[in-house]
Amino acid sequence: MGKNNPKKRKVLPRHWLLLILVRIIADWFIFPYFHFRPRYYRIKKRGPMLVLINHATEFDILFANNLFNFPLYFVASEQLLNKGFSSWLLNYVFAPIPKSKSMSDIAVVPRIKRVLDEGGNVAIFPEGNMTMHGGPSSMPPAIGKLIKMLKVPVVFVESYGLYFSSPRWSRYRKYGPSGMFVKRILEVEEYASLTGEQINEVIHQQLDVNAFRQRPIRKYRGFRKAEGLQRLVFSCPNCHEPFGMHTHKSTLYCSKCGYKATYDVYGYINGPTGRLDTVTIDGIVKRDYNRYVSAHLDEIVLEDRAEFRYFIAGQKRRSPKFVQTIRLSNRGLEIEKASETTLYPFDEILSFTMQTRRKFIVYVKGNLSIVAKLPIAASPYQYLITMQLLHNHHQFKKGIVDYEYLANPDDITPLGL
């Protein structure tokens, strides 16, 4: 009834066989679609390994599983594992390790250790979230301590081209080369004497990937390259006002001031304010929006009709789908149903995040997760940043935190993913 019971094991022989099938499918479909250049590494095993990868697209699991002469067990959001048949299939083929997205989940540590103890190799996206702008996303400070505790070799994998091929903000694919490669293997002996913070520094050095600094420079062509860019650039770089940004084919424009820019094959935005990469323009947007929310704190409202599902932690399925109105303001998060409105004040909101391209997720007291799939034109990124600003403002007023984002508009490090 212990470790040797196959029903209790996480690492199973079928994962090897299914991985071969997945590789055949990826080779004939996914790889040509992404112009992905596969590499295959025969790594001499010294026991189980931990693989760390920068997160560029929702297909990173497929790409990374084609790199090595062993299968990978990915740490994945629990939101991906409660969708009925598709989640059953994902679990059957890949057996991912579930984790609460954007929340501290101490339960994931023994799950990771269990896979390693069974001889499996664990893969983690330390950023947790796909990049929105082509630069690095934030990483949890505990990752260094986790590595020090696990005491296994660490493989660093870097992807290239995937952000330009399929930016998280984009509605349509672009076509250009992409791939992944092993950047470094960090042996246990190399980090045994390091502190958790020092290991964090090594991780940042290896996975601090800016798509615009990778070489060589490549072209990524498409017919509707800019469509969806308003999800990232939701505030005008020219007049600094939100709620007026739109896209059409390769053009980004503001309906308020007439600003117009084009998105080129190298991923740059070319307009009256200059030729800017999306990492730079993301910083401009966040600074401008911080100032805007500070000046309009009592009037700021985001509102859309969205598809909702509700999930209680520990349950295997979500609720049925509901079409309701989401409203985010200085009062908190409101969800308007047919005949009633439910308000979740900031005191009840524990955490929040983005998922994939259109979903905004809010975790509230009572182990409830609210998953809102926003309309195509809406920006879940704007919802996320607005919630960060308003939630932090509420906590600052109550004395829970001693730093207010709205009072420091030039500091954008706490904002975004």
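The values are calculated or read from the model by the stated rules, or taken from the named source; none is laboratory data. Because the structure is predicted, anything quoted here is derived from the model rather than measured. For neighbour counting, all protein chains shown are included, and Cβ atoms are generated from backbone atoms with ideal geometry for every residue, glycine included.
Of note:
- Residue 247 passes every criterion in (1) modelled with pLDDT of 95 or more; (2) within 19 Å of the chain's Cα centre (by Cα) apart from (2).
- Subset of segment 221-255 (residues that are more than 16 Å from residue 289 (Cβ to Cβ), in contact (Cβ under 8 Å) with a residue 24 or more places away in the chain and not in a strand (DSSP E or B)): 222, 223, 224, 225, 226, 227, 228, 249, 250
- Residue ID - nearest to the chain's Cα centre (by Cα), chosen from residues in segment 370-409 that are more than 26 Å from residue 308 (Cβ to Cβ) and among the hydroxyl-bearing types (Ser, Thr, Tyr): 405
- Residue 218 modelled with pLDDT of 95 or more and within 26 Å of residue 61 (Cβ to Cβ): no
- Residue 264 more than 19 Å from residue 381 (Cβ to Cβ) and out of contact with any helix residue (DSSP H, G or I) (no Cβ under 8 Å at 6 or more places or on another chain): yes
- Residues of segment 190-220 that are closer than 30 Å to residue 175 by Cα, among the hydrophobic types (A, V, I, L, M, F, W, C) and in a loop (DSSP other than H, G, I, E, B): 209, 217.
- Residues of segment 324-360 that are aliphatic (A, V, I, L, M) and modelled with pLDDT of 95 or more: 326, 328, 333, 335, 343, 349.
- Positions within segment 18-71 being more than 19 Å from the chain's Cα centre (by Cα) and of a type in the set (Gly, Ala, Ser), in sequence order: 26, 47
- Long-range neighbours under 9 Å by Cβ, at least six apart or interchain, first residue within 18 Å of residue 49 (Cβ to Cβ) and touching a residue at least 12 places away in the same chain (Cβ under 8 Å) within segment 124-147, second of a type in the set (Asp, Glu) and not in a loop (DSSP other than H, G, I, E, B): 125/60; 144/197; 144/201
- Applying a threshold of 9 Å to beta carbon distances and a minimum spacing of six or more residues, or different chains, the list of pairs starting in segment 67-84 at a residue that is closer than 18 Å to residue 11 by Cβ and at pLDDT 70 or above and ending at one that is surrounded by fewer than 21 Cβ atoms within 10 Å (Cβ to Cβ) and hydroxyl-bearing (Ser, Thr, Tyr) reads 68/40; 68/41; 69/40; 69/41.
- Scope segment 343-377; condition surrounded by 20 or more Cβ atoms within 10 Å (Cβ to Cβ) and in contact with a His (Cβ under 9 Å, 6 or more places away or on another chain); matching residues: 352
- If you check 385, 370, 412 for being at pLDDT below 95, closer than 16 Å to residue 290 by Cβ and either hydrophobic (A, V, I, L, M, F, W, C) or touching a Cys at 6+ places or on another chain (Cβ under 6 Å) (or both), only one passes: 412.
- One residue from 301, 265, 293 being touching a residue at least 12 places away in the same chain (Cβ under 8 Å), under 20 Å from residue 135 (Cβ atoms) and not small (Gly, Ala, Ser): 265
- Only one entry in 30, 43 is assigned to a loop (DSSP other than H, G, I, E, B) and either surrounded by fewer than 19 Cβ atoms within 10 Å (Cβ to Cβ) or on the phi > 0 side of the Ramachandran plot (or both), namely 43.
- Residue in segment 269-280 that is surrounded by the most Cβ atoms within 10 Å (Cβ to Cβ), counting only those that are without any contact (Cβ under 8 Å) to a residue 60 or more places away in the chain and touching a Leu at 6+ places or on another chain (Cβ under 9 Å): 269
- Put simply, of 416, 366, 332 the only residue that is outside the structural domain of residue 283 (by TED's automatic domain parsing) and either closer than 23 Å to residue 126 by Cα or among the hydroxyl-bearing types (Ser, Thr, Tyr) (or both) is 416.
Matching residues to (1) in contact with an Asp or Glu (Cβ under 8 Å, 6 or more places away or on another chain); (2) closer than 29 Å to residue 399 by Cβ:
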{"site": "331", "(1), (2)": "no, yes"}
{"site": "336", "(1), (2)": "no, no"}
{"site": "342", "(1), (2)": "yes, yes"}
{"site": "362", "(1), (2)": "no, yes"}
{"site": "375", "(1), (2)": "yes, no"}
